[in-house]
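Encoded as structure tokens, the structure appears first; notes follow it.
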Amino acid sequence: MNALQRSGSDSMAQSPRSPSSQAPYITVSVTDPAKMGNGVQAYISYKVITKTNFPEYQGPEKIVIRRYSDFVWLRDRLFEKYKGIFIPPLPEKSTVEKFRFSAEFIEMRRQALDVFVNRIASHHELQQSEDLRTFLLADEQTMERSRSQETGIFKKKPTDLMQIFKDVQSKVSDVVLGKEKPVEESNPEYEKQKNYIFQLEDHLAEAQKHAYRLVKRHRELGQSLSDFGKAVKLLGSCEGNSLGKAFSELGAKSEMLSIKLQREAHHLLMNFEEPLKDYVRAVQSIKATIAERANAFRHHCELGETIKFKEIDLNKLRLTRSEKLAEAEREYEQLKADGEESKRKFETIVKLMNEEIARFQEQKTIDMGVAFHEFAKGQALLAKSIAEAWRSLLPKLEACSSS
């Protein structure tokens, strides 16, 4: 089990409790990716296995088949309904045909989708969602109908929603950088939170970029050693003495180390680069929630201004005893009710965001510790293998050079 899988269910949420416990638990596995269809209509389906003792799931285990667009549906529904909660991010959808169905890409996506749905299932609020139950229990036909019946924001394509997230992130960036001066909170602590999130995104993105280069370097070095090993073995076959044997053994060691480097490159990809990339996506989800908070605050302030103007108009109508007074009073009362509701929604978002930030920071510490531990351990083992392999050749090569 790799690092991301070990920590994925916990990331940004409490861990699902063990099925062996009598306490309520729910765990989800995304397994068995399979290519369906051909050409541009082709897609990958996944088996989603849920194990739980929640009574509303009506049984200890449920198995359904889902595709990527079903996961998108779940993410969009939760984002719209749970304002203030950081909705776990989804892996990107590859648009490059030659990579879309590669074994490595499919496994990375399967792993990321497993992390995504377990984060939701282990979140004390999100795990109670009716949409999560639909996702985990509905048959394929019911799931397809749920997707096709969406309206409003739910009707938008994933690319449209990604553009929405980019737009709101850009607006929040403008606010932070002082390029735009909309109505916004005057809260020093909240400003610190926003600056922390934006700086964290930059630093994570930079770390992920260099992790990608490390993976690439290991693969290139592995390929070079493989090519070198083949060439040296051919060279050794031309020699019939101890030099030929030394060359043949050198070639074999090079090919063996090539395999180790390729394995370590894959290990780095899945257990180091991918967790970093996942947290870059997580920060982008947080920024979308920041934008929702800004919208809620702006809406509350705008309603407050509207209520003030309505009070002035109402006083004028009272002085003139206008026949429009009764209607104006009804409108005023409705505006006051709307104002109270907007205040309640904003305060709820603030409360939830403060809880989510604390939880995110705690889980990030754990997940980053695991990822960097996996990186250091893998590098140490690789370095030891390389040193031992070359050291074992030194006596034979020295004997050839002194003879």
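The values are calculated or read from the model by the stated rules, or taken from the named source; none is laboratory data. Please read these numbers as outputs of a predicted model, since none were measured by experiment. Because the Cβ atoms are built from the backbone with ideal geometry, glycine has one as well, and the counts that use them run over all protein chains shown. Just the protein is used for accessible areas: all its heavy atoms, side chains included, with ligands, DNA and RNA removed. Shrake-Rupley method; radii C 1.70, N 1.55, O 1.52, S 1.80 Å.
Side notes on the structure shown:
- Across the stretch 233-249, the number of residues qualifying as surrounded by fewer than 20 Cβ atoms within 10 Å (Cβ to Cβ) and either in a helix (DSSP H, G or I) or touching a residue at least 60 places away in the same chain (Cβ under 8 Å) (or both) comes to 11.
- Pairs are defined by a Cβ separation below 8 Å, a sequence spacing of at least 6 or placement on different chains, a first member in the stretch 263-288 that is under 24 Å from A376 (Cβ atoms), and a second member that is open to solvent by 20 Å² or more (accessible area, probe 1.4 Å) and of a type in the set (S, T, Y); the pairs so defined are E273/Y212.
- For the stretch 32-63, taking the residues that are in a loop (DSSP other than H, G, I, E, B) and farther than 14 Å from L137 by Cβ, the one that is most open to solvent (accessible area, probe 1.4 Å) is identified as N38.
- Only residues that are over 18 Å from V183 (Cβ atoms), of a type outside the set (D, E) and touching a helix residue (DSSP H, G or I) at 6+ places or on another chain (Cβ under 9 Å) were counted across the stretch 331-347, and they come to 2.
- Among the residues of the stretch 123-154, the one identified as at pLDDT 90 or above, surrounded by 13 or more Cβ atoms within 10 Å (Cβ to Cβ), under 26 Å from A34 (Cα atoms) and among the hydroxyl-bearing types (S, T, Y) is T134.
- Leading residue by the ranking (nearest to the chain's Cα centre (by Cα)) among those in the stretch 217-232 that are free of Cβ contacts under 8 Å to residues at least 40 places away in the same chain and within 30 Å of A371 (Cβ to Cβ): R217
- When S322 is tested against (1) part of a helix (DSSP H, G or I); (2) over 27 Å from G84 (Cα atoms), only condition (1) is not met.
- All of (1) open to solvent by 70 Å² or more (accessible area, probe 1.4 Å); (2) more than 20 Å from E125 (Cα to Cα) hold for A326 with one exception: (1).
- Looking at I349, I312, just one residue is of a type in the set (V, I, T), in contact with a Gly (Cβ under 6 Å, 6 or more places away or on another chain) and either farther than 30 Å from K287 by Cα or open to solvent by less than 70 Å² (accessible area, probe 1.4 Å) (or both), and that residue is I349.
- Residues of the stretch 64-94 classified as surrounded by 20 or more Cβ atoms within 10 Å (Cβ to Cβ), over 14 Å from the mean Cα position of the chain (by Cα) and over 23 Å from R145 (Cα atoms), total: 2
- Of the residues making up the stretch 365-392, just one is aromatic (F, W, Y) and more than 18 Å from N271 (Cα to Cα), namely W390.
- Scope the stretch 353-401; condition open to solvent by 30 Å² or more (accessible area, probe 1.4 Å) and closer than 25 Å to K83 by Cα; matching residues: N354, E355, A358, R359, Q361, E362, K364, T365
- For first residues located in the stretch 327-353 and farther than 18 Å from R298 by Cβ and of a type outside the set (D, E), partners that are assigned to a helix (DSSP H, G or I) and open to solvent by less than 60 Å² (accessible area, probe 1.4 Å) and lie 6+ apart or on another chain with Cβ distances below 7 Å form the pairs A328/L314; A328/L317; Y332/K310; Y332/L314; K336/I307.
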